[in-house]
1. Taking the range 168-192 on its own, how many of its residues are farther than 15 Å from residue 218 by Cβ, free of Cβ contacts under 8 Å to residues at least 60 places away in the same chain and part of a loop (DSSP other than H, G, I, E, B)?
2. So how many residues does the range 214-235 have that are over 15 Å from residue 178 (Cβ atoms), surrounded by 19 or more Cβ atoms within 10 Å (Cβ to Cβ) and in contact (Cβ under 8 Å) with a residue 24 or more places away in the chain?
3. Here is a check on your reading of the model: is residue 248 assigned to a helix (DSSP H, G or I), out of contact with any helix residue (DSSP H, G or I) (no Cβ under 7 Å at 6 or more places or on another chain) and surrounded by 17 or more Cβ atoms within 10 Å (Cβ to Cβ)?
4. For the range 141-148, does any single residue satisfy the condition of being touching a strand residue (DSSP E or B) at 6+ places or on another chain (Cβ under 9 Å), at pLDDT 95 or above and closer than 22 Å to residue 78 by Cα?
5. Can you pull out every residue in the range 96-112 that is surrounded by 16 or more Cβ atoms within 10 Å (Cβ to Cβ), in a loop (DSSP other than H, G, I, E, B) and either touching a helix residue (DSSP H, G or I) at 6+ places or on another chain (Cβ under 6 Å) or touching a residue at least 40 places away in the same chain (Cβ under 8 Å) (or both)?
6. Among the residues in the range 118-138, are any modelled with pLDDT of 95 or more, farther than 25 Å from residue 33 by Cβ and either in contact with a helix residue (DSSP H, G or I) (Cβ under 6 Å, 6 or more places away or on another chain) or part of a loop (DSSP other than H, G, I, E, B) (or both)?
7. Just to be sure, is residue 165 surrounded by fewer than 16 Cβ atoms within 10 Å (Cβ to Cβ), touching a helix residue (DSSP H, G or I) at 6+ places or on another chain (Cβ under 7 Å) and either within 21 Å of residue 211 (Cα to Cα) or in contact (Cβ under 8 Å) with a residue 40 or more places away in the chain (or both)?
8. Please state which of the following conditions residue 151 fails to meet, knowing it meets all the rest: (1) within 12 Å of the chain's Cα centre (by Cα); (2) free of Cβ contacts under 8 Å to residues at least 40 places away in the same chain.
């Protein structure tokens with residue numbers, strides 16, 4: 001079985017859309033649908049026909065294209081059980097531990113609340129890929145709008161437990177700003193310093209910094225590193241529970 005084809009494309013101001021295509025069956029999923037026109041254009045560019053929309057959470061910049069695209073393509077919309085009433089055109093509500101088939105592959109549903117209360121991540125083990133929406137970003141994480149810092153920290157730890165080689169697609173291009181902030185939390189991290197240079201080169205040439213990997217995030221993302229003694233020391237929180245250290249890091253990022 002050939003690997004799934006994955007096509008990343010920019011949309012709206014700083015969102016990313018992602019198309020996932022199985023050449024054998026012709027099935028194509030849009031991970032979220034930020035904007036119908038942008039998704040339509042990406043489909044036309046690739047010559048693919050939309051069959052599914054996999055929604056991570058209810059925010060409009062992730063669901064704005066749902067109704068229009070479903071009306072045009074009769075695609076099946078799958079989304080979070082915890083936000084079922086808020087997902088336009090939802091056909092199938094899924095939650096923690098649920099699985100479904102896409103192109104002959106098992107898709108696992110992980111509940112990753114915090115940014116929103118029902119946020120989910122789609123994980124395809126056979127492809128080593130996860131679609132994390134606005135829970136985990138390259139060098140960052142989503143703002144805690146609806147949940148609590150403890151809840152968001154637990155969600156991030158769930159993603160951090162995936163294999164290090166897992167490729168992660170996230171919903172926004174925030175990486176340059178995230179890197180600058182990360183260096184205020186852990187300036188001595190040599191891998192982070194090196195990654196900052198790569199990010200600067202990518203952005204200077206107009207290239208995306210997404211996707212990332214779980215391994216890269218474990219090594220450099222401060223929101224996954226609340227347990228690191230040097231970070232706790234810098235924040236004057238040595239020995240504090242990891243979720244409290246995470247909450248302080250998130251609050252500093254909010255203020256920045």
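The values are calculated or read from the model by the stated rules, or taken from the named source; none is laboratory data. In this text the structure is predicted, and so the values were computed from the model without any measurement. Using ideal geometry, Cβ is built from the backbone for each residue, glycine included, and neighbour counts are taken over all protein chains shown.
1. 2
2. Number satisfying all stated conditions: 3.
3. yes
4. Yes, the range 141-148 contains a residue that is touching a strand residue (DSSP E or B) at 6+ places or on another chain (Cβ under 9 Å), at pLDDT 95 or above and closer than 22 Å to residue 78 by Cα.
5. 103, 112
6. Within the range 118-138, none of the residues are modelled with pLDDT of 95 or more, farther than 25 Å from residue 33 by Cβ and either in contact with a helix residue (DSSP H, G or I) (Cβ under 6 Å, 6 or more places away or on another chain) or part of a loop (DSSP other than H, G, I, E, B) (or both).
7. For residue 165, the condition - surrounded by fewer than 16 Cβ atoms within 10 Å (Cβ to Cβ), touching a helix residue (DSSP H, G or I) at 6+ places or on another chain (Cβ under 7 Å) and either within 21 Å of residue 211 (Cα to Cα) or in contact (Cβ under 8 Å) with a residue 40 or more places away in the chain (or both) - is met.
8. With (1) within 12 Å of the chain's Cα centre (by Cα); (2) free of Cβ contacts under 8 Å to residues at least 40 places away in the same chain applied to residue 151, the lone miss is (1).
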